[in-house]
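Note sheet for the following structure.
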């Protein structure tokens, strides 16, 4: 089974793309655990909440991996949590750093911030999307990870499918 992480700044179509890819390939996807956590616990979070979100994300991913046949699409990953920790608190929790190394993905789809911002009570950084995109991009490059940038306001799913086909 190949794990594909869909990452990028807020409001760049990650959840939509994750669901659409899963439907296209008739495979499961791992929803964004952070959204569920914040909906249940409130949008004000701290360091310990980010750790709980990171651990919950890993648990959901492990559960979904048992039902995946060939592909597992993951809506966000621990790179995003690492960057979120660093942006908000200046450093990342060691648990996240350790699990980043031990839980590799086969491929990444990095969503560009070129879609219009959509208001959502859980979203908080409409003016940081370009900066966050660069942070995620730098993480992928520095870690020598295989990825494709998904950009444009049309045909994002088609471009994502083309990228996935190259690694299948």
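The values are calculated or read from the model by the stated rules, or taken from the named source; none is laboratory data. No experiment lies behind these values; they were computed from the predicted model shown. Backbone-built Cβ (ideal geometry, glycine too); neighbour counts: all protein chains shown.
Results, tabulated for the structure shown:
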| item | result |
| --- | --- |
| Test: residue in the stretch 55-71 that is buried (at least 18 other Cβ atoms within 10 Å of the Cβ), under 21 Å from residue 44 (Cα atoms) and modelled with pLDDT of 95 or more | yes |
| So residue 57, is it within 11 Å of the chain's Cα centre (by Cα) and farther than 24 Å from residue 116 by Cα | yes |
| Within the stretch 20-34, tally of residues that are surrounded by fewer than 16 Cβ atoms within 10 Å (Cβ to Cβ) and within 24 Å of residue 124 (Cα to Cα) | 0 |
| Members of the stretch 15-51 found to be closer than 26 Å to residue 1 by Cα, touching a helix residue (DSSP H, G or I) at 6+ places or on another chain (Cβ under 9 Å) and part of a helix (DSSP H, G or I), listed by number | 15, 16, 17, 20, 21, 24, 25, 33, 34, 35, 36 |
| Answer from 155, 120 - the residue that is without any contact (Cβ under 8 Å) to a residue 24 or more places away in the chain and over 17 Å from the mean Cα position of the chain (by Cα) | 155 |
| Qualifying residue in the stretch 133-146 (condition: surrounded by fewer than 17 Cβ atoms within 10 Å (Cβ to Cβ), closer than 23 Å to residue 55 by Cα and touching a helix residue (DSSP H, G or I) at 6+ places or on another chain (Cβ under 7 Å)) | no |
| Some residue of the stretch 2-10 being touching a helix residue (DSSP H, G or I) at 6+ places or on another chain (Cβ under 8 Å), assigned to a helix (DSSP H, G or I) and either in contact (Cβ under 8 Å) with a residue 12 or more places away in the chain or surrounded by fewer than 22 Cβ atoms within 10 Å (Cβ to Cβ) (or both) | no |
| Among (1) free of Cβ contacts under 8 Å to residues at least 40 places away in the same chain; (2) touching a strand residue (DSSP E or B) at 6+ places or on another chain (Cβ under 6 Å); (3) within 15 Å of residue 6 (Cα to Cα) - the single one residue 110 does not satisfy | (1) |
| Set 90, 42: member being modelled with pLDDT under 95 and more than 14 Å from the chain's Cα centre (by Cα) | 42 |
